[in-house]
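Working notes for the structure below.
The values are calculated or read from the model by the stated rules, or taken from the named source; none is laboratory data. Model, not experiment: these values are computed from the prediction. Please note: Cβ atoms are built from the backbone with ideal geometry, for glycine as well, and neighbour counts cover all protein chains shown. Ligands, DNA and RNA are stripped out before the accessible areas are found, and what is left, the full protein with its side chains, is counted by its heavy atoms. Shrake-Rupley method; radii C 1.70, N 1.55, O 1.52, S 1.80 Å.
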Amino acid sequence: MELLVSLGLLLIIAKLLEGVATRLRQSSLIAYVAAGIILGPALGLVEATDELKLFFSIGVVFLFFLIGVEEMDVSGLAATLRGRFFLAGTVAFLVSFGFAFAVMLGILEQPLVNAIAISGILALSSLGVVAKVLSDLGRLREPLGLEVFTTVVIVEIIGLLVVSFSLRNIAEEGSFSLWTVPILLAEIVGFAIVAWLLAAKVFPPLVARLRRVIDAPQLAMGLMTGVLLLTVGLVDRIGVHGSLGALLLGVSLSGLPQRLRTEILPGVRGLAHGLFIPLFFASAGIYLDSSFKLLPAWSIVAVVLAAVLGKFAGTLVGVMAARLTQPLAIASGMMGKGVVEIALLVVMLNMG
């Protein structure tokens, strides 16, 4: 019963605040996070229990899946994914990672693998936040929005790979091994190929045949949701974060026949935006904790500088090195943080 009360309060406050944010021409993300802060740390009415964490984790899965299937313009990305965008994203990540790594290893004296994992989290950009903000502003498919989105995709994929490598070593060996890099890359490429084959060649005819035998309402949507959750669970077992698996699956399904898209996407979209995505972003507010003030002041300052100034310096250097137009706008767009970082930090918290 306590779980239902918490869910109800979070959803009601999040949606009411979303209406306010929309009138003020602000992103709905602000409303969702504010709902978590109000009901969590401010009033103490909602706590991040294990049951709520399950809803939070499903939220990020749906968010990345919808980004892949609806917002990832594959042809547009292919047109903008030229060498300079890859250079901008790579340099931005490496510079930001270098700042954070120096702080984690040299100042906070974290173990090597921990320093790599935390630095990767501080250096990556959050595709979910950037895509949601660009979508809310109606700029996702404009040239500038597509350029920001493309560079953020590169930064996040690099960051996810780095953090996945380090977390895998923490879980299995306790020490960093370069041998896991080509192995994990091969697993990701293999998953992408299999996902595309299943989405393009197997899923549509399978649904059509099952319809002749099974007369179940929302059959395609149910199957798709099950495949999504199953995919995330499987890729997580090979050491890849589930958000990357959900994104790749969504991209693979972006070419579904229009009839199937019309049947599947409205239900998935309603379930995601009406329930899971608001809950996930509200978790950012619920996790807000003032106990960090017990740390030495120099530790707090070092982390803040690495996360903010180090990150912005990295994005600006990357954009300028690639000689992209509108460097300040693109660099600012790459500063988006929040979605996958929360998920990864929760994973690290659960790993001790």
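Being part of a loop (DSSP other than H, G, I, E, B) and more than 25 Å from F97 (Cβ to Cβ) is the filter here, so list the residues in region 273-324 that pass it.
Step one: list which residues in region 273-324 are part of a loop (DSSP other than H, G, I, E, B), which gives 287-289, 295-296, 323-324.
L288, D289 - these are the residues of region 273-324 that are part of a loop (DSSP other than H, G, I, E, B) and more than 25 Å from F97 (Cβ to Cβ).
Annotation: S177 fulfils all but one of (1) modelled with pLDDT under 75; (2) part of a loop (DSSP other than H, G, I, E, B); (3) on the phi < 0 side of the Ramachandran plot; (4) open to solvent by 40 Å² or more (accessible area, probe 1.4 Å); the unmet one is (4). In this structure, is S6 of a type in the set (S, T, N, Q) and modelled with pLDDT of 85 or more? The answer is yes for S6.
Per-residue answers, yes or no, for (1) within 22 Å of L345 (Cβ to Cβ); (2) touching a helix residue (DSSP H, G or I) at 6+ places or on another chain (Cβ under 6 Å); (3) β-branched (V, I, T):
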position	(1), (2), (3)
G250	no, yes, no
L256	no, no, no
I277	yes, yes, yes
L294	yes, no, no
S299	yes, no, no
V303	yes, no, yes
F312	yes, no, no
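Yes or no, residue by residue, for (1) surrounded by 18 or more Cβ atoms within 10 Å (Cβ to Cβ); (2) hydrophobic (A, V, I, L, M, F, W, C):
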position: H273; (1), (2): no, no
position: V304; (1), (2): no, yes
position: V308; (1), (2): no, yes
position: T315; (1), (2): yes, no
position: L324; (1), (2): yes, yes
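Per the listing F203, F191, the residue uniquely buried (at least 16 other Cβ atoms within 10 Å of the Cβ), modelled with pLDDT of 80 or more and closer than 20 Å to V61 by Cβ is F203. Test of understanding: among F276, F292, F281, which residue is within 23 Å of the chain's Cα centre (by Cα), modelled with pLDDT under 85 and not acidic (D, E)? Going through F276, F292, F281 in turn, the sole match is F281. Count of region 238-249 residues, restricted to those that are at pLDDT 75 or above and over 13 Å from the mean Cα position of the chain (by Cα), is 1.
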